[in-house]
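Trainee: Please see the structure below; I have some questions.
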Amino acid sequence: MLVMRRTEGMLGQLAAAEPHLIDHETVDPPYVQGPHRSANPEYLIAEGVCTHLGCVPQLTDAEDGRVAMGGWWPGGFICPCHRSGFDYAGRVVMGPPPTNLAIPPHRYVSATKVVIGETPPVT
């Protein structure tokens, strides 16, 4: 499981990745809204498994990732096996993965506690 606290800079880079999005078909859970793909934009909760061959994408900032991905790379996750790229929201932006990183069921029970594996109650 991938749980990451995103900075304002990371959230700001999501728009830069949009022209490169590959998966336009993934349907996220209803409690996950917007390009940040999260119930709470500050945190990304995703299955940290590449949707191509099941490898583990590595967090790579913009500067280091540009060497492997090109000058457009805004930062995110790079799968080392086939140079697949996912942005800071787990959206596939480069390579063979067919879909975005999956968002698992999860719910916030407080500002500092999240339960993974349970969906939030319908209100």
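Trainee: Can you list the HN-Hα couplings for segment 111-118, worked out from phi with the Karplus curve (6.51, -1.76, 1.60; θ = phi - 60°), rounded to whole Hz and with x for Gly and Pro?
Mentor: Per residue, the Karplus-derived 3J(HN,Hα) values read 5, 10, 9, 10, 10, 9, x, 10 Hz.
Trainee: Restricting to Cα atoms and excluding each atom paired with itself, what does the Kirkwood estimate give for the chain in Å? If you can, show how the numbers build up before the last one.
Mentor: Working: mean 1/r = 0.0687 Å⁻¹.
Kirkwood hydrodynamic radius for the chain: 14.6 Å.
Trainee: Now for a different question. Charges only on Cβ, +1 for Lys and Arg, -1 for Asp and Glu: so what's the dipole of segment 2-116 about the Cα centre, in debye to the nearest 20?
Mentor: The dipole magnitude comes to about 240 debye.
Trainee: Where does each of HIS82, HIS36 land when they are ranked from fewest to most other beta-carbon atoms within 10 angstrom?
Mentor: HIS82, HIS36
Trainee: Out of PRO98, GLY34, CYS55, whose Cα points farthest toward the positive end of the dipole of the chain (charges: +1 Lys, Arg; -1 Asp, Glu; placed on Cβ)?
Mentor: Of the candidates, CYS55 comes out farthest on the positive side.
Trainee: If you don't mind, another one. Taking θ as phi - 60°, what are the ³J(HN,Hα) couplings along segment 16-27 by the Karplus curve (6.51, -1.76, 1.60), each to the nearest whole Hz, with x for Gly and Pro?
Mentor: 5, 7, 4, x, 9, 4, 9, 8, 10, 10, 4, 9
Trainee: If you don't mind, another one. How large is the Rg to Rh ratio of segment 29-78 when both quantities use alpha carbon positions and Rh follows Kirkwood?
Mentor: Details: Rg = 12.8 Å, Rh = 12.5 Å.
Using Cα coordinates only, the ratio equals 1.03.
Trainee: To the nearest 500 deg cm²/dmol, what mean residue ellipticity at 222 nm is calculated for the chain from DSSP H runs of n ≥ 4 alone, each contributing -39,500 (n - 2.57), summed and divided by the residues?
Mentor: After summing the helix terms and dividing by the residues of the chain, the value is -3000 deg cm²/dmol.
Every number here is computed from the coordinates shown, using simple stated rules; none is lab data. All figures in this text were calculated on a predicted structure; none of them were measured in a lab. Note that we place each Cβ from the backbone using ideal geometry, even for glycine, and neighbour counts take in every protein chain shown.
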